Structure formats: structure tokens, C-alpha cells
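Here's the structure, in C-alpha cells; my notes come after.
The values are calculated or read from the model by the stated rules, or taken from the named source; none is laboratory data. Please read these numbers as outputs of a predicted model, since none were measured by experiment. Using ideal geometry, Cβ is built from the backbone for each residue, glycine included, and neighbour counts are taken over all protein chains shown.
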Amino acid sequence: MAEVQRVTVLGAGSWGTAFAKVLGDAGRDVTMWARRPEVAAEIRERHLNSSYLPGIELPERITATADPAEALDGAQAVVLAVPSQTLRTNLSEWSGLLPPDAILVSLAKGVELGTLKRMSEVIAEIARVDDGQIVVVSGPNLAKEIALGQPAAAVLACTDHDNAKAIQQASFNQYFRPYTNTDVVGCELGGACKNVIALSCGMAAGLGLGTNTTATLITRGLAEMARLGAKLGADPLTFAGLAGVGDLVATCSSPLSRNRTFGERLGRGETLEQALAATGGQVAEGVKSCTSIRELAMGLGVDMPITDAMHRVCHEGVDPRRAGAELLGRSQKHEWS
Ligand SMILES: NC(=O)C1=CN([C@@H]2O[C@H](COP(=O)(O)OP(=O)(O)OC[C@H]3O[C@@H](n4cnc5c(N)ncnc54)[C@H](O)[C@@H]3O)[C@@H](O)[C@H]2O)C=CC1
Ligand SMILES: O=C(CO)COP(=O)(O)O
């Protein structure tokens, strides 16, 4: 297994920047690509990214540029840290610049609208690489907490165990503990589906509902993502792990979650447009993934009632209170049917 020392992070948003810090604190040489030259300059010259992680000092060994060719020169691993729905376009622009043997690391948690592909499938298609060259990062990793150096674990999923190990070696440090896993499908579905469930938990909070409702949504959300996973060949154990329960608990209960916050605004009566405006340009993936995951599930005959309800609230104008009443009014069933 070759040691990974030189890493490029494409995307300087919250998680891209926090993950770059993880790598820098693990002793790697990191170059970030930022879309806005002023963000790249601030990271390079002042070791700050005040737009996304205000007050967080970045390691000196992180540098940044707005030029993707410069960013990618000599990279042994390339971290893709852009939103799910723009990854295809972003990566198409970069694919000719990727060093051929670089391990591609996917941070995005979503399912592509239209194609219904997971992120590693989009990457394999656009970068024309074997799936063993793609490592997926998932788990309870709220960017701000990681950037503050608060302890957290993550999963690095790859069909090629050596490549997962290489990224594990490159990223573990005093506060970040990554585990390897070979179940890419389960880890990616967990990460994408929990954003939708976090929307529902936020919505319940916005409606003034309490902990029993949140726990019910988390648990039944877990049941519906595990049903989808089973149909797509995921390992059921994955959903009991960091990429399943772990990320659900973090995202569904934290006020730091953009998805939960978005749902809370809808629950309080804001419109989709008002909630979108309040994100400050940061992505709440569940708002789009509720539609793609719902479509994926429908095509496979998998029942995902919470995801369906989130789609109807976000995109069909259904009132959150009515969506809740309809969820409760469905036909009675066995817990595991
Ligand atoms: N923030 C978090 O706590 C975590 C985020 N993630 C996932 O990581 C992925 C990236 O998330 P963040 O870095 O938090 O997002 P963000 O919204 O904070 O940043 C997105 C980055 O992508 C760049 N970008 C490039 N092309 C873009 C385009 N066409 N449209 C919009 N942005 C574009 C933006 O400039 C920005 O630097 C998402 O899929 C998210 O679900 C996963 C774990 C934790
Ligand atoms: O994925 C995350 C935590 O693991 C971040 O969640 P949000 O995108 O909702 O902030």
C-alpha cells in the first residue's frame, strides 16, 4: 500500500475545509481548490475560511488556489467536496486534469436527480475509473465540530480495501478516527437518506413536537433506508453503524445540521424559497435527494413513507402538519413488514 502524502481537496465549503484540516492535522500536504479566488487567497495567506468556518485556524501546511490544474498537480489522492447535484458538472471540468492513479475520495451525501446514481457511480462514469479507486467518506461528521477538533469517527468505504486503508492512514489524527468498510452501497445510501430524515426531524421540531416524535422519525427513517439498502445489495449491518444510526443521530438532533435547520424553518411555516434563502448558499442535500431517493425507491417497489412525505412538502406544496397526519394515518402494519 503506497503512502498518500500529497492530497488535493476540490471544494472549499464547510466539509471540504474541515476535511482538509483533518488531513493537515494528520500530517499531509494539502492543496485546496476554491471556486472564488478570494476564498483561496484567504486560506493561502491567512489560514482562514471565514465564509464557511469562521474563527477556525487552518494548519499552515494547507495551501489553496482557484486554478484546478495547479491544485491537482502531483496529487496522490483527490477529495471531491462539492454538492451532489453539481458533482457531475464539476468533475467533467476536472476529469482531464486528474492524475491517473490518484485515489478519488467522495465527501458528498446525495443521489443524483434524473440518473438516480450514487456519487461513486457518477465519479466512476465521469472520471472513467474502476470503483476500487473511489473511497466514500460517511458518518456523523458535522463540519464545524470536526473543525473544532471534537472527537468523531467516520467510515471510509471502498471495494478495494488497500485504498480505503491508504486514506485511513492519511486522515487519522488525535480527534478523527476513520474505520474502513467495503460496503460502498450501504454507506452512500445511509449518508444520502439521513439528510431527508433530518429534514423531517427539523420539521417536527418546527411544529413544536418533542423527543418521542424525533425518536420515531429517526427509527422509522432507519427502517426505510435499510429497506432500500436491502434491495440494492447493501450489508444490513452498515445501517447499524456510523453511516446509518451514527449519522442519523448526529444530523437529526443537531442544530448545526443544515438539513435539520431547513426542515425546522418549513415546520415553522416558512416557504421553500424563504428556507433556501436562509441557507446562505450552503447545501441542504435532502431537499433535492428526497426526490431522487423517492424515485429510486418507487422504481424498486420499496416503501419509503417519510421520504415521500418530505418530497411532497418540499416540492408539491403539502403542509407539514398534513404530511404528518397522513404518515400517522397509513394502514396499520407489523414493525418489520
Ligand atoms: N458540512 C458538513 O457538515 C458535511 C457535509 N457533507 C457533504 O459534503 C458535501 C459538500 O458539503 P459542504 O462542503 O458542507 O457544502 P457547502 O455548501 O458548504 O460547500 C460547497 C462547495 O462546493 C463549491 N461548488 C463548486 N461548484 C459549485 C456549484 N456549481 N454549486 C454550488 N457549489 C459549488 C462551493 O463553492 C463550495 O466551496 C455535501 O454533499 C454534504 O452533504 C458530508 C459530511 C458533513
Ligand atoms: O452530513 C452531515 C453530518 O454528518 C452534515 O449534515 P448537514 O448537511 O445537514 O449539515
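Miscellaneous remarks
- Qualifying residues in segment 255-281 (those that are within 24 Å of Thr115 (Cβ to Cβ) and either within 10 Å of ligand 1 (Cβ to nearest atom) or hydroxyl-bearing (Ser, Thr, Tyr) (or both)) - the one surrounded by the most Cβ atoms within 10 Å (Cβ to Cβ): Asn259
- Flag if Glu335 is assigned to a helix (DSSP H, G or I) and not aromatic (Phe, Trp, Tyr): no
- Of the helices (runs of 4 or more DSSP H) lying entirely inside segment 220-303, those containing at least 1 residues that are of a type in the set (Lys, Arg) are 258-267, 286-300.
- Residues of segment 145-161 satisfying the condition of being surrounded by fewer than 21 Cβ atoms within 10 Å (Cβ to Cβ) and within 20 Å of Gly27 (Cα to Cα): Glu145, Leu148, Gly149, Gln150, Pro151, Ala152, Ala153
- Members of segment 67-86 that are part of a strand (DSSP E or B) and within 16 Å of ligand 2 (Cβ to nearest atom): Val79, Leu80
- Check on Leu104, more than 16 Å from ligand 2 (Cβ to nearest atom) and part of a helix (DSSP H, G or I): no
- Residue satisfying all of: in segment 151-163; hydrophobic (A, V, I, L, M, F, W, C) and in contact (Cβ under 8 Å) with a residue 60 or more places away in the chain; nearest to ligand 1 (Cβ to nearest atom) among these: Ala154
- Applying the condition of being surrounded by fewer than 24 Cβ atoms within 10 Å (Cβ to Cβ) and small (Gly, Ala, Ser) to segment 121-144 and asking which residue is farthest from ligand 2 (Cβ to nearest atom) yields Gly132.
- Options Val22, Val39, Val9, Val4; residue that is part of a strand (DSSP E or B) and either aliphatic (A, V, I, L, M) or away from ligand 1 (no atom under 16 Å from the Cβ) (or both): Val9
So that you can scan it fast, the table gives a plain yes or no per residue for (1) of a type outside the set (A, V, I, L, M); (2) at pLDDT 95 or above; (3) surrounded by fewer than 18 Cβ atoms within 10 Å (Cβ to Cβ):
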position: Arg46; (1), (2), (3): yes, yes, yes
position: Ser51; (1), (2), (3): yes, yes, no
position: Ile56; (1), (2), (3): no, yes, no
position: Pro59; (1), (2), (3): yes, yes, yes
position: Asp67; (1), (2), (3): yes, yes, yes
position: Leu72; (1), (2), (3): no, yes, no
position: Ala75; (1), (2), (3): no, yes, no
position: Leu80; (1), (2), (3): no, yes, no
position: Thr86; (1), (2), (3): yes, yes, yes
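- Selected residue (criterion: farthest from ligand 1 (Cβ to nearest atom)) from residues of segment 124-143 that are of a type in the set (Gly, Ala, Ser) and in a helix (DSSP H, G or I): Gly132
- Single residue of Leu148, Leu113, Leu217 found to be over 21 Å from Ala2 (Cβ atoms), of a type in the set (A, V, I, L, M, F, W, C) and away from ligand 1 (no atom under 15 Å from the Cβ): Leu217
- Segment 228-245, subset crowded, with 20+ Cβ neighbours inside 10 Å and within 28 Å of Ala325 (Cα to Cα), residue nearest to ligand 1 (Cβ to nearest atom): Gly244
- Residues (within 12 Å of ligand 2 (Cβ to nearest atom), closer than 15 Å to Arg294 by Cα and not hydrophobic (A, V, I, L, M, F, W, C)) located in segment 192-220: Lys194, Asn195
- Matching option when the condition is farther than 22 Å from Glu285 by Cβ, crowded, with 17+ Cβ neighbours inside 10 Å and among the hydrophobic types (A, V, I, L, M, F, W, C), among Ala18, Ala34, Ala40: Ala40
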